[in-house]
Amino acid sequence: MSYEIETRCLYGNGEIFEKELTGAISFPIYQTATFAHKGVGRSTGYDYTRLQNPTREHLEQVVASLEGGTSAFAFSSGMAAITALFEVFQPGDHIIADEDLYGGSIRLFDNISRKNGLKLTRINLLTEDIEQYIDSSTKAIFFETPTNPMMNVIDIAKYAEVAKRHKLLLIVDNTFLSPYFQNPLSLGADVVIHSGTKFLAGHNDTLSGFVVTNNPEIEERMAFILKTVGSGLAPFDSWLVLRGIKTLPLRLERQQENAFLLAKWLRDNPRVKKVYYPGFEDSPGYEVIKKQASGFGSMITFEVDSVDTAYHILENVRLIHFAESLGGVETLITYPVTQTHADVPEEIRLKNGITDRILRLSVGVENGRDLIEEFERVFA
Ligand SMILES: Cc1ncc(COP(=O)(O)O)c(C=O)c1O
């Protein structure tokens, strides 16, 4: 990687210098379904947008450069990315996943992946010994860090060592910190997943998802799967994500600053029983996140004293929006039990600590004082 991350957010590693062709500073949106051939066997390199489109290709190169991967594949959503990645596995293959995951991933694993013959075991990667679950059919380890929504921090290098020793793929969903704060491939992961809808796109205006890897076999399989299943990101959406990524470092610095303010405020409020933010020095994941990431992000989960308080907050926010999603410039508050984790069986939700008193906050770029005043008004 020749450029630092702020520069890579604008140009990737500079593989495509569209500027040299037309002078356009903003990468063009190639809004076309197909591409003309100059003659038999004389493709321009682009044949049909499901296979590849220059705007998507440029975005993929930028994202690959941000994660330090050799390839990235852009999908129509984070779930489309995970679904496509799971096509690399065969019926009978076994995958070990962490217990605390985005509800959509749990729904995919329990309803689609199992139907397709995959065996899924969900364990607590913080407390359980993974070795006892690994057998000859085990092919991969999958986790998020920090996790959605309980903000558990999982040691990437530790599981990279386990994965290498047993020849498993280590798949890390890096949505919550983004490549600005954390690069799992550099810590030994084989595949990184993103819901690009979140910090990468960053404006709560488009969905997208990514699979990034530096494993040549996965690279080849993913290119084949993407063109076959057809869930690649459309040109206009690719352009929106490209534009969003340009300000990733600026947004994340500001979002993190605001997150610290709000996390401290919440911690001092008597109606708040617990604040899950890995930036606190006494949080359980602090040492690990310090070791493996360059920041703590802007996601905060907190537990209030009663369901009534939870409802009161959700129904009285004005500047902050009661909406699902995260990572954008607007601050959002989410109620995992009825939103992101509504389809997760209750016993699993409760085991992971997701009660009806848990709220999740994705802190945006507003003026920090305005956010505090919003909380003062809502909690008063
Ligand atoms: C950690 C994580 N992974 C994956 C997804 C799925 O992404 P998308 O909503 O873009 O399909 C989400 C969505 O909230 C998420 O939080």
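The values are calculated or read from the model by the stated rules, or taken from the named source; none is laboratory data. Remember, it's a predicted structure, so these values are computed and weren't measured experimentally. Note that each Cβ is placed from the backbone with ideal geometry, even for glycine, and that neighbours are counted across all protein chains shown. Note: accessible area is taken over every heavy atom of the protein model, side chains too, but ligands, DNA and RNA are not part of it. Shrake-Rupley method; radii C 1.70, N 1.55, O 1.52, S 1.80 Å.
Going out from 0 in 5 Å bins, what whole percent of all Cα-Cα distances in region 146-292 drops into each bin?
Answer for region 146-292: a P(r) of 2, 8, 14, 18, 19, 16, 11, 7, 3, 1, 0 percent.
Using a 10 Å cut-off on Cβ atoms, rank the peptides 328-335, 276-283, 162-169, 68-75 from the highest mean neighbour count down.
Highest-to-lowest ranking by the protection proxy: 68-75, 328-335, 276-283, 162-169.
What list of ³J(HN,Hα) couplings, whole Hz, do you get for region 61-68 from phi and the Karplus terms 6.51, -1.76, 1.60, once you set θ to phi - 60° and write x for glycine and proline?
5, 5, 5, 4, 5, 5, 8, x
Which value in deg cm²/dmol, rounded to the nearest 500, describes the helix-derived mean residue ellipticity at 222 nm for the chain, given -39,500 (n - 2.57) per DSSP H run of n ≥ 4 and division by the residue count?
Mean residue ellipticity at 222 nm (helix-derived): -10000 deg cm²/dmol.
Just report the Cα centroid separation between region 126-155 and region 256-310, whole Å.
First find each Cα centre; the distance between them is then 22 Å.
At 0.36 nm per residue, and after removing the present C-alpha to C-alpha distance, how many nm does the segment from T44 to N269 gain when stretched out fully?
Between T44 and N269, full extension yields 74.9 nm more.
Within region 1-77, report the GluC sites (Glu not before Pro) that DSSP leaves as loop and that have at most 13 other Cβ atoms within 10 Å.
Of the GluC sites (Glu not before Pro), the ones in loops of region 1-77 whose Cβ has at most 13 other Cβ atoms within 10 Å are E4, E15.
Nearest 10 degrees is fine. How inclined is helix 248-267 to the longest principal axis of the chain, computing both from alpha carbons?
For 248-267 against the chain, the angle is about 10 degrees.
Could you give the length gained on full extension between L51 and A33, defined as 0.36 nm per residue of separation minus the Cα-Cα distance, in nm?
Length gained, L51 through A33: 5.5 nm.
Which whole-Hz ³J(HN,Hα) couplings does region 3-12 yield from phi under the Karplus relation 6.51 cos²θ - 1.76 cosθ + 1.60, θ = phi - 60°, glycine and proline marked x?
8, 6, 4, 4, 6, 5, 4, 8, 10, x
Peptides 110-122, 289-301: what's the order by average Cβ count within 10 Å, highest mean first?
The peptides rank, most packed first, as 289-301, 110-122.
Can you give me the accessible area per residue for region 304-380, using a 1.4 Å probe, in Å²?
That works out to 44 Å² per residue.
For T301, what residues show an amide H to amide H distance below 5 Å, using hydrogens built from the backbone and excluding near sequence neighbours?
Excluding prolines and chain starts, which carry no amide H, the hits are Y276, L361.
Label-point separation (nm) for T70 and H203, each offset 7 Å from Cα along Cα-to-Cβ?
The answer from the label model is 3.4 nm.
Would region 64-181 count as rounded, prolate or oblate if I go by the C-alpha gyration tensor, calling it rounded below 1.5 in a/c and otherwise prolate when a/b exceeds b/c, oblate otherwise?
Rounded, since a/c falls under 1.5.
Once R0 is set to 35 Å, what does the formula 1/(1 + (r/R0)^6) return for the Cβ-Cβ distance between E128 and D305, expressed as a FRET efficiency to the nearest 0.05?
0.70
How many angstrom separate the Cα center of region 66-83 from the Cα center of region 328-380?
A separation of 26 Å, based on Cα centres.
For R318 paired with Y286, estimate the spin-label separation in nm (one decimal), with each label point 7 Å from Cα along the Cα-to-Cβ line.
Each label point lies 7 Å from its Cα, and together they span 3.7 nm.
Would you work out what percent of the accessible area of the chain, with all protein chains in place, is carbon or sulfur (probe 1.4 Å)?
51
Going by amide H atoms built from the backbone, whose H comes under 5 Å of the H on G364, apart from near neighbours?
Sorted by chain and number, the residues that satisfy this are T331, L332.
Within region 163-318, how many Lys pairs that are eight or more residues apart, or on different chains, come under 26 Å at the alpha-carbon?
Number of lysine pairs found: 17.
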